Each structure stands twice: as C-alpha cells, then as structure tokens.
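Let me begin by presenting the structure, written as structure tokens, before commenting on it.
The values are calculated or read from the model by the stated rules, or taken from the named source; none is laboratory data. Small disclaimer: the values here were computed from a predicted structure and weren't measured. As a convention, Cβ positions derive from the backbone with ideal geometry for all residues, glycine included, and neighbour counts pool all protein chains shown.
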C-alpha cells in the first residue's frame, strides 16, 4: 500500500513503477498459496527455462493462472464437503417418503428444512469461513 498504491494515487510514480512495486508482495502471497504441481504446469506450458526460474523471477503470467486453479481446486473441495451431507439428507428423505407411499410429495420440499436445520445446528457459516481462512494458511 505505502510502496505502490499510495504513491501512484499521489501521482509520484507512474503505472509501470506501480506494477513493479506491487508485484513482489502479490507474487509472494500467490506463490505461498499455489500448489507446486499447478505452478509447474504453467511453467512448462509457458516454455520457460526451468533452471533459471526462482521464486523471485517467476513471471506473473505464470503465477496468476497457477494461483487461480489452485484456489478453484480448494473451492471445489469445500463445495463437495458441503454438498455431501445434503445429498445424504436428500436420499434419506426420498427413501422415507417412498416407503410411506408418498410418491407425489416432492422430496425437496421435505428435505429443505432438514438441510437448513443441519446447517444451523453445526454452525455452517462458522465452519465455512474457518475452512476458507485455513485454506490461506491462517
């Protein structure tokens, strides 16, 4: 903030200098959160010389997409873990309704209150925010 954004807003440095100053902390943050496998994929596809690449000179054109797919993988993992209990509730409700002979009652109408109840009882928002924070190494 003090090295890049503030001087740029005060017209002390130009856009190119701002990008140079801001890219180092941004690169460090993204590299810390990026899986090595994802980074290697984009280094290979960019046809860079892997022997000359260090943590400080990896181009942002490699780091940003590697960071994005790493975060997408984390998001899908969180989403799957959130979806699994809801799927189980759907299957249980559907099988109970079928065994009671209530074929015309939509299982979604019965399952939704149970899903909301489960989410509230296990403090779902807390768990979701905690998992997001933990995914950033908090």
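Out of the residues in the range 1-39 that are touching a residue at least 24 places away in the same chain (Cβ under 8 Å) and assigned to a loop (DSSP other than H, G, I, E, B), state the one that is nearest to residue 57 (Cα to Cα).
For the range 1-39, the residue satisfying everything is 34.
If you check 66, 75, which single one turns out to be surrounded by 15 or more Cβ atoms within 10 Å (Cβ to Cβ), out of contact with any strand residue (DSSP E or B) (no Cβ under 6 Å at 6 or more places or on another chain) and in a helix (DSSP H, G or I)? Please lay out each step first, then the result.
Details: 75 fails: surrounded by 15 or more Cβ atoms within 10 Å (Cβ to Cβ).
Answer to the check: 66.
I'd like the full set of residues that are modelled with pLDDT of 90 or more and touching a helix residue (DSSP H, G or I) at 6+ places or on another chain (Cβ under 9 Å), limited to the range 78-90.
Correct list: 85, 86, 89, 90.
In the range 91-107, is there at least one residue being part of a helix (DSSP H, G or I), more than 12 Å from the chain's Cα centre (by Cα) and closer than 30 Å to residue 24 by Cβ?
Of the range 91-107, the ones part of a helix (DSSP H, G or I) are 91-99, 107.
Then keep just the ones that are more than 12 Å from the chain's Cα centre (by Cα); that gives 91-99, 107.
Within this subset, residues satisfying the condition of being closer than 30 Å to residue 24 by Cβ are none.
Looking for residues that are part of a helix (DSSP H, G or I), more than 12 Å from the chain's Cα centre (by Cα) and closer than 30 Å to residue 24 by Cβ, one finds none in the range 91-107, hence no.
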